[in-house]
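Beneath this line is the structure, given in structure tokens, with notes to follow.
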Amino acid sequence: MRRLPRPILIPALITGLALTSCAPSLPLASTATISTHEDAERAARDSYDAFIQAYDALHLDEVPDISALRATTTATLSQVAEDSRRGLDADGIRAVGRTTFELEVVDFDAKTITARVCENRVEHDLLDSSGVSIMLPGSPMWVSLGVVFDVHETVIVTERNQLPREEACGARPLFASETAAKDAAVAAYDDYLDALLAMYASGGYETEHLTSFTTTRFYEWSIPSYLSLRSGNMRLTEGSTIEHALAPEEAIISEHHLMVMMCVDYRNLFFTDDTSTQVQYSDRMELIAVDVLFHQNDFRLIVEGEALRDDLDLCNG
């Protein structure tokens, strides 16, 4: 299964900058009455509303008002958003959808307000010039962010970072549906297998690409198999592929993990040794059923583990 090329401007979503629908700008929160937790929460919420609406206008208005966004945040965050809009325009991509959020103030003083924000992005989408969605399959619905507001005459957003997984947005689902979760799993496994084939083609030397698609623990567990390629001077035969498909079995979804069953076909995977002779395997398994465990990391899925299953019935149907 192959997908449409990923647009350059996906990082606009990854950085957590909300793509929302156009709405009138809200006034920036005043600092004159911030003396209690309730005051701080009200000011932070108003400031975040203004920030998101200004970011929305920057991306959706035909002639965006950059000054509105600059009034709600720092020059650094504003520049990221402005670069995002330019990239969308260059690629002929249109952002649609609305972000809502929940906000809780964690701490505040005379200079700063620190809050935990849970953004709901279920309505986000990116459309190409033909109006076809090019959004990554199964993008997570909820994203947990740590947000810092600078308190001067007004309250503005100064920092915006993803929170660690133990501080996620409660028990909200990662995906809008099981179908979306499975789509995300297939896309993530595509990326992992592409990196695996690249490593095979290098003879087990170019392993660094795999670290982007697996957890550190799974990568380290797999190292011995990579080293065996080196010791045997083996290279992937040109044109080799690893085919895979989802088995018709229910996905297991938790707050930070997703597990699906994959049917993986190695019949078109071949290696040659240093004499260009094809390597023969007497015990080679050509079709396997495997449970693949994924972990949500930086708004996407990466492989955390694989477990071989004895039952191939679901793969032979």
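The values are calculated or read from the model by the stated rules, or taken from the named source; none is laboratory data. Everything numeric in this text was worked out from a predicted model, so none of it was measured. In this analysis, Cβ positions are derived from the backbone assuming ideal geometry, glycine residues included, and neighbour counts consider all displayed protein chains. In case anyone asks, the SASA skips ligands and DNA or RNA and just uses the protein heavy atoms, side chains included. Shrake-Rupley method; radii C 1.70, N 1.55, O 1.52, S 1.80 Å.
Observations
- Averaged over its residues, segment 172-246 has an accessible area of 48 Å² per residue, based on protein heavy atoms and a 1.4 Å probe.
- Computed in the context of the full set of protein chains, the accessible area of segment 206-317 at 1.4 Å probe radius has 49% of its extent on carbon or sulfur.
- Extension gain, Glu38-His257: 0.36 nm per intervening residue step, less the Cα-Cα distance, totals 75.3 nm.
- Inter-site label distance for Leu163 and Thr179 at 7 Å from Cα along Cβ, in nm: 3.1 nm
- Rg(Cα) / (2.2 N^0.38 Å) computed for segment 181-317, rounded to two decimals: 1.07
- Cα-based equivalent ellipsoid, segment 47-133: semi-axes from gyration tensor eigenvalues, Å: 27, 16, 9
- Sites Glu238 and Asp65 - FRET efficiency at Förster radius 45 Å, r taken between beta-carbons, to 0.05: 0.25
- Estimated FRET transfer efficiency (Glu206, Asp273; beta-carbon r; R0 25 Å; 0.05): 0.85
- Listed residue (Gln79, Val105, Ile93) projecting farthest to the positive dipole end of segment 52-110, Cβ model: Ile93
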